[in-house]
Amino acid sequence: MKIILDQGLPRSAVRLLQERGHDVLHTGDCGMSCSSDTEIMEFARQQKRVVVTLDSDFHAIMALTEADNPSVIRIRIEGLRAEGLTNILQKVLEKCEDDIIAGAIVSVTEKQIRLRKLPLTPSEK
């Protein structure tokens, strides 16, 4: 899967995810460390990448624009190191791959994975 990791997530996770077969970029490694969330979303859309972030703004943008892509995975667990992030993402991708490919927003906590298919309907906003 093609992924872009947002600022705040460990850059060292890129290599670990690549070792598991994913095409991964980090915003800090592709000249987007100061880019707005909207710019990152547009880059992900053009590159057909899934955005992985700690930031709730990405889900809000998807809801307000009624967009059907890119998929966004919000990690709601602070302080993850590269290995922990890699393990969590691998589980999410295995469990939700078809929905993520089709277009979804995913929210991940220590206890659950919540998924909503895109575009969001007015009742889901």
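The values are calculated or read from the model by the stated rules, or taken from the named source; none is laboratory data. Small disclaimer: the values here were computed from a predicted structure and weren't measured. So basically every Cβ, Gly included, is an ideal-geometry build from the backbone, and we count neighbours across all protein chains shown. With ligands, DNA and RNA removed, areas are computed over all heavy atoms of the protein, side chains included. Shrake-Rupley method; radii C 1.70, N 1.55, O 1.52, S 1.80 Å.
Below is a table of values for the structure above.
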quantity	calculated
Accessible surface, the chain, averaged per residue in Å² (probe 1.4 Å)	54 Å²
Largest-first principal axis extents, alpha carbons of the stretch 55-125, Å	35, 23, 19
Distance between the stretch 1-31 and the stretch 47-125 - C-alpha centres, whole angstrom	15 Å
3J(HN,Hα) from dihedral phi, the stretch 109-115, Karplus parametrisation 6.51/-1.76/1.60, rounded to Hz, x for glycine, proline	10, 5, 9, 7, 10, 10, 10
For His26, net neighbour charge (Lys/Arg +1, Asp/Glu -1) across residues whose Cβ lies under 9 Å away	-1
Straight-distance crosslink candidates among lysines, where the alpha carbon sits under 24 Å from Lys48 and sequence neighbours closer than 8 are dropped	Lys2, Lys91, Lys95, Lys117, Lys125
Residue-averaged 222 nm ellipticity for the chain, from DSSP H runs of 4+ at -39500 (n - 2.57), nearest 500	-12000 deg cm²/dmol
Max mean-square fluctuation residue, GNM over the chain, Cα-Cα springs under 10 Å, options Gln112, Gln18, Gln47	Gln112
Relative contact order computed over the stretch 3-125 (Cα-Cα under 8 Å; 6+ residues apart), in percent	25 percent
Karplus (6.51, -1.76, 1.60) ³J(HN,Hα), θ = phi - 60°, over the stretch 66-79, in Hz, Gly and Pro reported as x	6, 6, 10, 6, x, 5, 10, 10, 9, 8, 9, 10, 7, x
Sequence-distant residues sharing a close amide H with Val24 (under 5 Å, placed H)	Ile3
